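Below: one structure, written as structure tokens.
The values are calculated or read from the model by the stated rules, or taken from the named source; none is laboratory data. Nothing here was measured: the structure is a model prediction, and the numbers come from that model. FYI the Cβ positions are ideal-geometry reconstructions off the backbone, even for glycines, and counts take in every protein chain you see. Areas reflect the complete protein model, heavy atoms only, side chains present, ligands, DNA and RNA absent. Shrake-Rupley method; radii C 1.70, N 1.55, O 1.52, S 1.80 Å.
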Amino acid sequence: MQPAGGRAFFRKPGDDSAQGSTWKEERSDASADSSATSFVYNPWKHYSLDQQRQRLPIYQYRNSILYLLAKFQTVVIVGETGSGKTTQIPQYLLESGWTKTGRIGITQPRRVAAITVAQRVAEERGAPLGREVGYVVRFDDCTSSETNIKFITDGILVREMMADPLLKQYSVLMLDEAHERSIATDIAMGLLKKILRKRPDLKVIISSATLDAEALRDFFDMSHSNTSTTITKNNNEEPTSTILTVEGRTFPVDVYYLKDPVPNYVTATVDTVVKIHKAEPLGDVLVFLTGVEEVDHACGLLDEHSDALEAETHNKLLVVPLYGALPPGDQLKAFEMPPARTRKVVIATNIAETSITINGIVYVVDAGFVKIKAFNPESGVDSLIIVPTSKASAEQRAGRAGRVRSGKAYRMYTEEAYKELEDASVPEMQRTSLAPVLLQLKALGIDNVLRFNFPAPPPATHVVQGLELLYGLGAIDDNGKLTEPLGLHMAELPLSPMLARMLLGAAEFHCIEEALTIAAMLQLENVFVRPGRGEQKVNAERARRKFSVLEGDHITLLNIYTAFVKCGKSSQWCRQNFLHYKGLCRAVDIRKQLEKHLIRMKIPHTNNNLEPQMEGALYDIDNIRRCIVAGFFANAAYLHPSGTYRTVRNDHELHIHPASVLYAEKPPPWVVFNEVLQTNQEFMRDVTAIESHWLYELAPHYYQYGTEGEVRNPRS
DNA sequence: GAGCACTGC
């Protein structure tokens, strides 16, 4: 963790004055930081931008990077936090002439990171954003023909590969944060490997963490061609990829383990925070737990202790929860500087590991677990499961304590347990539904997906399940080829395959406008504002019921959207009705984007402007529900005499999610659902009541009429 | 009676 060479430069905060006062100063200093890799802490702000650039640890590697990139086609750069690699490397490349033959592209897994880093680099170059330095994220293209340094999300890169399979606009591509192994990064790496063979002039920089650097170098090394296909390029023995390790600018973090395992990591973290508050000098604490329930529980326990602790230590304890579902205003509390003689304790989910950086953290308490999504290809069900973190994750969490001064990390497990942890987390590619990935690969011309060179090959069962679903939806034919135009159009829409199928079939049911709205609304996580307790909770529930209809959640979402448009997209109206204003605005954006796609695809577009109306009186609801079934027929369930639901496909037991409008109603005999999420039980989320005969009318290839007048799956 | 985190020409 500790930088060796860089430390001579390094002035610790507080070296030249009293600890207390400088310490506050530096926190406010870094308040602009909002991403993992941008500037966390800048003690050099009184220097010119050029001087600041030269003081970054990466600067001493400038020539090595340029040399290695001339000699190798792929360079894996292992850079620690705060090295400055994300902002500096693109500029080194620009300064040494790499933009004469093409752009420099840098991918980020998150949009905020792409935007904020582009802003910083533009500032360093003294140019307005969108000219020499620009960015592209979904819904937001801030580039021009002059743009030489282009920051994009990795999802955009994959989309760009569809339009331009050889990525001719770029001379150098840098995949930043590749160790996070997002689906899009993995697809991009698999495709880049192919592109590199055809474009010997293209250079690739992979920025990653220590643990998987060698695997990635070997993945991109073409000297020992490990595939059966003949490779004409580079048949000599020289490796084409290499690793460069770059030190970062972080402070040492002392790591403490438990002597013995504990039965309950939530109470153990609470006890540890109490001990820190009693024994350690002031400095904020960041606690990592797995979910909302645990965070709230821990906050409650600490609040119980806080009065006694204040009496004992004369320092206050300020406990702040932090998780994604928290309203933005509440999230901000985690970033606020605590008042004097107060220790802030932020109790967070995994959101604080990479997505959000909180300044001023000195102590980290790591429960050692994380909640992840895992996909079961047999049932097609996603589950949320709690698993131990990886070593890489544990290091990342501990590192959060060493950004302003040397810190301490307390792990709620033994050192032996640490040694047992996996090196890195399972890449997303190996634990999610593959249908969307396979559809994209097919659209990119990769027909034999089983032989595609994934950096982390997914299990074969997942591939088979994904192909079956795509076939059922009509996106691929008997030979596994993408159908035209349906399959191609499905791949081009930024929607899940089932939702894309629903939208593309909407013309048949004369409900394109409504299908667009439903597809857009399903992209939002939180439509309803849900106050925790008290009178407001009752009011929120009452407000929600105004929009609810017996047909289910899809039509309810449609009602909300049309009412939102009818009231003039008023934020006040949203507050009165306990709806997320920003979310609904986002739905408007997404809907526009989807509509543009349909127009481009020349999907017959009914221009009868939908008159927004409550109660859905103007819609032909049955046609809309048929349209939903045409996309979601594979997600059908019936009410079993036991009172629970069973999937039509394989009698898998399911429940209506409590957040569904159908939860409190008389359960309809037949439903389709958007997705299943397993927590304590398997819950259908976003449910719509249907007529059983629609299934065999609309998906005869998938269902047939059974002898007892029931729909049966031909396979069962 | 329930909600890890991201993202898309």
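Grab the DSSP H runs of chain A that are 4 residues or longer, score each as -39,500 (n - 2.57), total them, divide by all residues and round the 222 nm result to the nearest 500 deg cm²/dmol. Write out the running numbers ahead of the final one.
Values: 24 runs with 263 residues, N = 716.
Theoretical 222 nm ellipticity from helices: -11000 deg cm²/dmol.
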> Can you pull the three principal axis extents for the Cα set of chain A, in Å, largest first?
Replying inline: 82, 73, 51
> By a straight-distance test (C-alpha under 18 Å), which aspartates and glutamates pair with A:Lys150 as possible cross-link partners, with residues fewer than eight away in the same chain excluded?
Replying inline: A:Glu95, A:Glu123, A:Glu124, A:Glu132, A:Asp140, A:Asp141, A:Glu160, A:Asp164, A:Asp176, A:Glu177
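Order A:Lys582, A:Lys85, most accessible first, counting only protein heavy atoms with a 1.4 angstrom probe. Mind showing how you got there, number by number?
Numbers: A:Lys582 160, A:Lys85 15 Å².
Putting A:Lys582, A:Lys85 in descending order of accessible area: A:Lys582, A:Lys85.
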> When ranked by the protection proxy of mean other Cβ atoms within 10 Å per residue, highest first, what sequence do the peptides A:441-452, A:632-643, A:65-76 form?
Replying inline: A:65-76, A:632-643, A:441-452
>> Expected output is a single nm value to one decimal: the length gained when fully extending between A:Asp50 and A:Leu450, i.e. 0.36 nm times separation in residues minus the C-alpha distance. What is it?
In response: 139.1 nm
>> Rolling a 1.4 angstrom probe over the protein chains, ignoring ligands and nucleic acids, what is the accessible area of A:His701 in square angstrom, nearest 10?
In response: 110
>> Can you tell me the length gained on complete extension of the stretch A:Ala340 to A:Glu214, counting 0.36 nm per residue apart and subtracting the Cα distance?
In response: 40.7 nm
>> Using Cα-Cα distances under 8 Å and only pairs 6 or more residues apart, what relative contact order does chain A have, in percent?
In response: 10
> What is the projected area of the convex hull of the Cα atoms of region A:93-204, averaged over all directions, in nm²?
Replying inline: 6.6
> Roughly how big is region A:254-328's charge dipole about its Cα centre, with Cβ charges of +1 (Lys, Arg) and -1 (Asp, Glu), in debye to the nearest 20?
Replying inline: 160
> What are the principal axis extents of the Cα atoms in region A:497-626, in Å, biggest first?
Replying inline: 50, 27, 26
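Largest first, what is the accessible-area ranking of A:Val362, A:Val387 with a 1.4 Å probe? Could you put the intermediate results ahead of the total?
Details: A:Val362 5, A:Val387 40 Å².
So, going from the largest accessible area down, we get A:Val387, A:Val362.
What's the Cα-based Rg to Rh of region A:633-712, Rh via Kirkwood? Mind showing how you got there, number by number?
Details: Rg = 12.2 Å, Rh = 12.7 Å.
Taking Rg over the Kirkwood Rh, I get 0.95.
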> Using the beta-carbon distance between A:Ser355 and A:His693 and R0 = 41 Å, what value does 1/(1 + (r/R0)^6) give for FRET efficiency, to the nearest 0.05?
Replying inline: 0.35
> Can you give the accessible area of A:Glu238, probe radius 1.4 Å, in Å² rounded to 10?
Replying inline: 110
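For region A:269-356, how big is Rg over Rh, using alpha carbon atoms and the Kirkwood form of Rh? Provide the component values of the computation, followed by the final result.
Working: Rg = 12.4 Å, Rh = 13.1 Å.
Here Rg/Rh amounts to 0.95.
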> How much accessible surface area, in Å² rounded to 10, belongs to the heavy atoms of A:Phe335 with a 1.4 Å probe?
Replying inline: 80
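How big is the shadow of the Cα convex hull of region A:149-301, averaged over all directions, in nm²? Write down the numbers at each step before the final one.
Values: hull surface 59.5 nm².
So the Cα hull casts an average projection of 14.9 nm².
Hey, any idea what % of chain A's accessible area is carbon plus sulfur with a 1.4 Å probe? Before the final figure, lay out the partial values.
Values: 15930 of 31870 Å².
Ligands and nucleic acids excluded, carbon and sulfur give 50 percent.
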> Protein chains only, probe 1.4 Å: how do A:Cys627, A:Cys142 rank by accessible area, largest first?
Replying inline: A:Cys142, A:Cys627
> What percent of all Cα-Cα pairs in region A:433-492 falls in each 5 Å bin, counting up from 0?
Replying inline: 4, 21, 35, 25, 11, 4, 0
> Just how far, in whole angstrom, is region A:463-536 from region A:185-204 if you go by their alpha carbon centroids?
Replying inline: 30
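Nearest-5 percent of antiparallel DSSP beta bridges in chain A? Walk me through the numbers on the way to the answer.
Numbers: 31 of 89 bridges.
Close to 35 percent.
Which entries in the list A:Lys71/A:Lys373; A:Lys194/A:Lys582; A:Lys85/A:Lys582; A:Lys100/A:Lys391; A:Lys537/A:Lys666; A:Lys100/A:Lys582 go over 32 Å, if you measure between the two C-alpha atoms of each? Could the numbers behind the result be given before it?
Values: A:Lys71/A:Lys373 41 Å; A:Lys194/A:Lys582 41 Å; A:Lys85/A:Lys582 34 Å; A:Lys100/A:Lys391 41 Å; A:Lys537/A:Lys666 23 Å; A:Lys100/A:Lys582 42 Å.
From the list (A:Lys71/A:Lys373; A:Lys194/A:Lys582; A:Lys85/A:Lys582; A:Lys100/A:Lys391; A:Lys537/A:Lys666; A:Lys100/A:Lys582), the Cα-Cα distance tops 32 Å for A:Lys71/A:Lys373; A:Lys194/A:Lys582; A:Lys85/A:Lys582; A:Lys100/A:Lys391; A:Lys100/A:Lys582.
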